[in-house]
Amino acid sequence: MAKNHNKEPDNPYADFQRIDEGNDLFKQMFKYSVIPTIIHDMDMNIINVNDSAVDEFGYSRNELLNMSIYDLHTEEELDHSNQVLNEMERKNKLSVETFFKRKDGSVFMAEATPCKYLLGDRPIIHVFIQDITERKQNEKELTDSNRQLNAKNKELEQFAYIASHDLQEPLRTVNSLVDIFIEEYDGKLDQEANQILQFLSKASTHMSKLVQGLLEYSRIGRNQAKAIVNCNELVDSVLRDLSAIIKESGAQIEVDDLPEINGYKMDLRLLFQNLISNAIKFAKKNIPPEIKISATKENNHWKFAIQDNGIGIDEKFKDRIFVIFQRLHKEGEYEGSGIGLAHCYKIVQLHGGDIWVDSIPGEGSTFYFTIPE
Ligand code: ADP
């Protein structure tokens, strides 16, 4: 098969590929192709069909050989097929999505790939017709469920935002009333009443933290623009903010050279802050935290690692810890509200990355997250 290099403007077949009439490879490919294939002339009359085309359209070979390609199109597609021909005037090869009609009247969507050949001196169009009904249906279902999922997510976020925002005000009132009560009745109540008040105060403070966390969670990614973020500077400023607990815990923190990435600065800051403060918080008793922060470039993303020598996490909890309000400890054991890692998960997702943990209980954990370059 040789490409026709004749470029004379008055030659209408200059861009047709020339093949010998006796070309066996062409004949075999046509005959044995599992894709329904039809050859028609420049007047759209069908001049050959393969077995797959006979099976697909339900007409006999002889019937098809007496038909035009137009007879296989639906009425609405006739215009379209003219457009396809016009396109073909300009290009040597293209695929188009179009509808075809079988003998029994059923219609299917197909990807038609026409190729132009000069068989000897005769111009022909060789068309692969691949049924894509199922593919289209799957695509549609996927798009529909994505749309529904997005709408539901937005609705949920909106709900969490409004609920947590509006709950703050009455909670503030409860907190300050409890404080006033404790102050006013100091020494006037018996021990049991004092204890109840202490519980009340603790519970309402905890609830405020949860509501605040939920509000921050629903705010992630809202009204922010992406920018180039220098992670060295970002981590430096997080460490400055955490300097009191770093000093108190005696933590040793080693930071490798970190890259610049494209992202939401405030959210990335929260991500590092949560992971580093967890690495400090979940230290083994009487063993100062040793933390290493690093990043490596892999394929088309940066992989960050925050490694600690803390208490570690049991394999069976490795996924659960990223769910909002999930904690592995009893109240009082370690401070917290179970929101930090849910924040991290949402932030990494927002950047199109992934987050996970590798850990050996009793030896330490390494939290990894990726951010596309
Ligand atoms: P919080 O720190 O408020 O408990 P997080 O969402 O940050 O909530 O973490 C969820 C749980 O995951 C923690 O309660 C803890 O059990 C576990 N965890 C998180 N980071 C670490 C870590 N570096 N080492 C050991 N356990 C961790």
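Computed quantities for the displayed model
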item: Segment 154-184-segment 303-373 distance, computed between alpha-carbon centres (Å); result: 28 Å
item: In degrees, nearest ten, helix 340-350 long axis to first principal axis of the chain (Cα); result: 20 degrees
item: Projected-area average for segment 133-219 over all orientations - Cα convex hull basis, square nanometres; result: 7.5 nm²
item: Cβ-Cβ FRET estimate between TRP356 and PHE325, R0 fixed at 22 Å, reported to 0.05; result: 0.65
item: Expected 222 nm ellipticity per residue - DSSP helices of 4 or more, -39500 (n - 2.57), all of the chain, to 500; result: -14500 deg cm²/dmol
item: Distance in nm between pseudo-label sites at GLU260 and LEU156 (7 Å out along the Cβ direction from Cα); result: 3.6 nm
item: Selected from SER204, LEU215, ASN175, residue furthest toward positive end of dipole (segment 133-219; charges at beta carbon); result: LEU215
item: Cβ-defined net charge surrounding SER68, 11 Å radius [Lys, Arg +1; Asp, Glu -1]; result: -3
item: Accessible area of LEU142 in the full protein assembly, 1.4 Å probe (Å², nearest 10); result: 110 Å²
item: Folded to 0 to 90 degrees: helix 265-281 orientation relative to the chain principal axis, Cα; result: 50 degrees
item: Per-residue SASA entry for VAL34, accessible area with 1.4 Å probe, Å² rounded to 10; result: 130 Å²
item: Within the chain: Cβ-based charge dipole about Cα centre, in debye rounded to nearest 20 (Lys, Arg +1; Asp, Glu -1); result: 580 debye
item: Carbon + sulfur, % of accessible area of the chain - ligands and nucleic acids excluded, 1.4 Å; result: 50 percent
item: Between 0 and 90°, nearest 10: helix 133-184 axis offset from the chain longest Cα axis; result: 10 degrees
item: Gyration tensor over alpha-carbon atoms, segment 224-373, equivalent ellipsoid semi-axes in Å; result: 24, 17, 15
item: Solvent accessible area, Å² - PHE282, 1.4 Å probe, full protein context; result: 40 Å²
item: Ratio of the Cα radius of gyration of the chain to 2.2 N^0.38 Å, where N counts its residues; result: 1.64
item: For the chain: accessible area per residue (Å², 1.4 Å); result: 60 Å²
item: Reachable aspartates and glutamates from LYS136, criterion Cα separation under 17 angstrom, eight or more residues apart if same chain; result: GLU97, GLU111, ASP144
item: Highest to lowest packing among 38-44, 159-165, 187-193, scored as the average C-beta count within 10 Å; result: 38-44, 159-165, 187-193
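The values are calculated or read from the model by the stated rules, or taken from the named source; none is laboratory data. None of these values were measured; they are calculated from a predicted model. Neighbour counts are summed over all protein chains in view; Cβ atoms, including those assigned to glycine, are modelled from backbone coordinates with ideal geometry. Areas reflect the complete protein model, heavy atoms only, side chains present, ligands, DNA and RNA absent. Shrake-Rupley method; radii C 1.70, N 1.55, O 1.52, S 1.80 Å.
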